[in-house]
């Protein structure tokens with residue numbers, strides 16, 4: 001027996017699990033996109049839900065709590081179907097990268113300590129959002145210097 005006793009034979013590799021985790025969602029989106037009338041209803045529904053989430057987030061901004069996070073979640077919902085909002089999310093991500101780069105070089109010590117972690121978290125969240133929405137995460141065509 002060459003097998004490790006701690007290794008489960010039915011264990012799924014993490015990359016395989018990630019690939020199959022939202023396959024039903026990708027299949028559903030393909031089915032919706034193949035039917036123009038259903039796609040129109042779906043697009044309107046995504047616009048209404050995403051818009052409401054953004055509005056609720058903007059209302060929550062002056063209150064204590066995750067107001068801006070809710071706004072960004074709403075923009076991500078809208079970006080799943082609307083190219084304009086996808087461009088906004090991509091621009092915001094670039095601005096956040098610029099902030100983390102600044103924080104790493106010139107920020108206060110406590111901010112420098114978390115700069116790499118914050119940048120990695122933003123990249124991971126962006127890649128997860130793309131993967132879950134059935135889109136391929138792409139690098140910018142013309143990256144800015146220093147990014």
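Annotations for the structure displayed:
- Any chance residue 102 is more than 21 Å from residue 127 (Cβ to Cβ), out of contact with any helix residue (DSSP H, G or I) (no Cβ under 6 Å at 6 or more places or on another chain), in the same structural domain as residue 127 (by TED's automatic domain parsing) and part of a helix (DSSP H, G or I): yes
- Some residue of segment 80-88 being part of a helix (DSSP H, G or I) and touching a residue at least 24 places away in the same chain (Cβ under 8 Å): yes
The values are calculated or read from the model by the stated rules, or taken from the named source; none is laboratory data. Because the structure is a prediction, the values reported are computed rather than measured. Using ideal geometry, Cβ is built from the backbone for each residue, glycine included, and neighbour counts are taken over all protein chains shown.
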